Amino acid sequence: KEVGDTKSDTGDRFVIAIDRDSGSHKRDPLVEIRDACRENHFDFCLSNPCFDLWLLLHLEIRLTASIKKKLEVNAHTSKNCTYSASLIAKHAHHTKSIPENTFKRLYLPKIRSALKKAFGLATCEDDVIDHLGTRIPVLIQSVLPWL
């Protein structure tokens, strides 16, 4: 199999999804995980700084240079809330748990738009380790025909 061919002989796809929160997952272990994924034909799906970035791409938020810089650090704005989570709460009016009706109203219809925005950030498995971005589009593109 070629590097990047993540389908098994049964047609299944194997993915390692990592949510890189502020201060977690240092660079060297992420490189090791990425390399192990390549060796084992798994997709390496890192969100840097975290999965919240993928959610933010669905919302009507212009990611200015200032916002991008704050997202890269993604510092805590309170004991239980990071900068990205506070942006979601402000613009989507929900916390970590997304009610089904909110998902159907805010996120599902905007998946294609979020994909386009994601490709404006780091999406390559090498680049996303060091830069703001997400590999969630790797997962989404494979299921997009069914959405």
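The values are calculated or read from the model by the stated rules, or taken from the named source; none is laboratory data. If you're wondering where the values come from, they're calculated on a predicted model, not measured in any experiment. Keep in mind that these areas ignore ligands, DNA and RNA; they rest on the heavy atoms of the full protein, side chains included. Shrake-Rupley method; radii C 1.70, N 1.55, O 1.52, S 1.80 Å.
Restricting attention to the stretch 62-86, report how many residues are within 18 Å of Ile98 (Cα to Cα) and not small (Gly, Ala, Ser).
Within the stretch 62-86, residues that are within 18 Å of Ile98 (Cα to Cα) and not small (Gly, Ala, Ser) number 4.
Of all residues in the stretch 118-147, how many are farther than 13 Å from Leu55 by Cα, assigned to a helix (DSSP H, G or I) and open to solvent by less than 20 Å² (accessible area, probe 1.4 Å)?
The total comes to 2.
Please return the ranges of helices (runs of 4 or more DSSP H) entirely within the stretch 8-117 where 1 or more residues are open to solvent by 30 Å² or more (accessible area, probe 1.4 Å) and within 22 Å of Leu132 (Cα to Cα).
On the way: elements: 27-40, 52-56, 65-73, 83-92.
So the answer is 27-40, 65-73, 83-92.
When you scan the stretch 19-27, do you find a residue that is within 16 Å of the chain's Cα centre (by Cα), at pLDDT below 90 and on the phi > 0 side of the Ramachandran plot, even just one?
So far as the stretch 19-27 goes, yes, one or more of its residues are within 16 Å of the chain's Cα centre (by Cα), at pLDDT below 90 and on the phi > 0 side of the Ramachandran plot.
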